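First comes the structure, then the notes that go with it.
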Amino acid sequence: MEWHKFSLTMQLEMLEKGEIKSLDLTQALLNRIKEKDSKIKAFLKVTEEQALSAAEKADRRREKGEKGPLLGLPLAIKDNICTKGIPTTCASKILSNFIPPFDATVIEKLKACGAVILGKTNLDEFAMGSSTENSAFFPTKNPWDLERVPGGSSGGSAAAVAAGFCAGALGSDTGGSIRQPASFCGVVGLKPTYGRVSRYGLVAFASSLDQIGPITRTVKDAALLLQYLAGHDPKDSTSAPKEVPDYLGALKMDLREKKVGVPKEYLGEGLEEEVKEKLKESLQIFKEELGLEVKEVSLPHTPYAVATYYIIAPAEASSNLARYDGVKYGLRVEAPDLIEMYKKTRSQGFGPEVKRRIMIGTYALSAGYYDAYYKKASQVRTLIVQDFQKAFKEVDFIISPVAPSPAFKIGERVDDPLKMYLSDIYTISVNLAGIVGLSLPCGFSQKGLPIGLQIMGPHFSEPQVLALGHQFEEIVKLYEKYPEI
């Protein structure tokens, strides 16, 4: 049986009915990883022994009549989320030997629900990048075209789901790192509201922007995972003390006559014609088949979003990454004195993109420049938040492309950081505003590359955003298409 073509909800249904065993499902997926991942390179570490042992336990629990909402479901985890006893490297040499003594809250929750962890997926080093080419170990390839990037920074997780190594994975999103790879790999990616999912145990990049979320084959699968990832966590001071709604139950809500806004600022220069065409076709579906009203909205501070993000995110990164100094954990390069040891450890441990961002951030926070850069960027961020607040008074959802183009070729943008940074132009504002963003497939380019659609909603509007995504997906049914590897 082609287990890799089954969605999470289908796998769960079959496990619950006793039609399959977790051990057989897990073994089948591990065999597929062994057979195909040498081409894709989605995983940094496959935890075969632990996965088979967890699957066996899940089967024994089911035999006793015990239940768990994700009991026996195999999942993959982005390698910047702490996993007890399993290396968590952030795809960086500086953490190449780091084994966390604890689990992140999301991992605790998945384990409590009975999920099976297949392994840790590749990413851009410390989640800094849009292509997974910045990994210190190797680049990941796009399952739809092995010469192209899977997107980033959660490229390993998105590629693993697209390639059928697992039906669901966790990623993290600081400026589009779940949604852009989901778009490039033809899968679904959800960036929840900031504070909806605990960040405890997520290795920090930019603490006011980072958010953990699911990458899955279908929107229904994303709703299933979010149901058990969401919720208040006292260990995370930014976690929202709000009730968790019934995300799966909300998928069928009536959305007719709701209003959808299309930001005029998102349709200008840089947007490729094929992507624009698929957006137009999608808007027709929202209008004609789902009965929504489509209108133009304005997000006037959009042109400043990339510049604002590339001051705030590196500033927070420079502060967060100061802890990697060769003293407490991770790489240590011996030297005759302390300052020399710091210098050698950091220069050998960090890759070029991480160094670039630390330097930008340190400069933006330095005396005499703080007001001109970081403070100014924080003020513009407030204006971007207000743009969304005004727009959501007029409409219920905002629809846009996820990225200006389908997946680009490996090596094509490595030497042009500005061009690389602009591939996140439509996703960055969502993180700056802390709102919900969902990426789901809406079509293919002439070269057969997936194109994603982004649905944005106000804070804590996950039930409505997931419902709209699910209802759209059930019309286009693009989850039925699979890459040939």
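The values are calculated or read from the model by the stated rules, or taken from the named source; none is laboratory data. This is a predicted model, so every value here is computed, not measured. Note: ideal-geometry Cβ built from the backbone for every residue, glycine included; neighbour counts use all protein chains shown.
General observations
Yes/no per residue for (1) touching a strand residue (DSSP E or B) at 6+ places or on another chain (Cβ under 9 Å); (2) surrounded by fewer than 24 Cβ atoms within 10 Å (Cβ to Cβ); (3) without any contact (Cβ under 8 Å) to a residue 24 or more places away in the chain; (4) closer than 28 Å to Lys409 by Cα:
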| site | (1), (2), (3), (4) |
| --- | --- |
| Ser445 | yes, yes, no, yes |
| Gln464 | yes, yes, no, no |
| Glu474 | no, yes, yes, no |
| Ile485 | no, yes, no, yes |
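- Of the numbered criteria (1) closer than 22 Å to Lys242 by Cβ; (2) at pLDDT below 95, the one Asp173 fails is (2).
- Every pair of residues 6+ apart whose Cβ atoms lie under 8 Å, when the first sits in segment 407-420 and is in the same structural domain as Gly443 (by TED's automatic domain parsing) and of a type in the set (D, E, K, R) while the second is in a helix (DSSP H, G or I) and buried (at least 19 other Cβ atoms within 10 Å of the Cβ): Arg413/Met420; Arg413/Ser423
- Cβ-Cβ under 6 Å pairs, at least 6 apart or on other chains, segment 98-124 side closer than 16 Å to Arg61 by Cβ, far side part of a helix (DSSP H, G or I): Cys113/Tyr228; Gly114/Ala58; Val116/Thr26; Val116/Ala51; Val116/Ala54; Val116/Ala55
- Here segment 339-351 is the region considered, the condition is being assigned to a helix (DSSP H, G or I) and touching a residue at least 24 places away in the same chain (Cβ under 8 Å), and the residue that is farthest from the chain's Cα centre (by Cα) is Thr345.
- Scope segment 241-269; condition touching a His at 6+ places or on another chain (Cβ under 8 Å) and either assigned to a helix (DSSP H, G or I) or surrounded by 18 or more Cβ atoms within 10 Å (Cβ to Cβ) (or both); matching residues: Leu251
- Count - residues of segment 150-178 that are among the hydrophobic types (A, V, I, L, M, F, W, C) and either in contact with a Phe, Trp or Tyr (Cβ under 6 Å, 6 or more places away or on another chain) or not in a loop (DSSP other than H, G, I, E, B) (or both): 7
- Residues located in segment 278-314, provided they are more than 20 Å from Met420 (Cα to Cα) and either polar (S, T, N, Q) or out of contact with any strand residue (DSSP E or B) (no Cβ under 8 Å at 6 or more places or on another chain) (or both): Lys280, Ser282, Gln284, Ile285, Glu288, Glu289, Leu290, Gly291, Ser298, Pro300, His301
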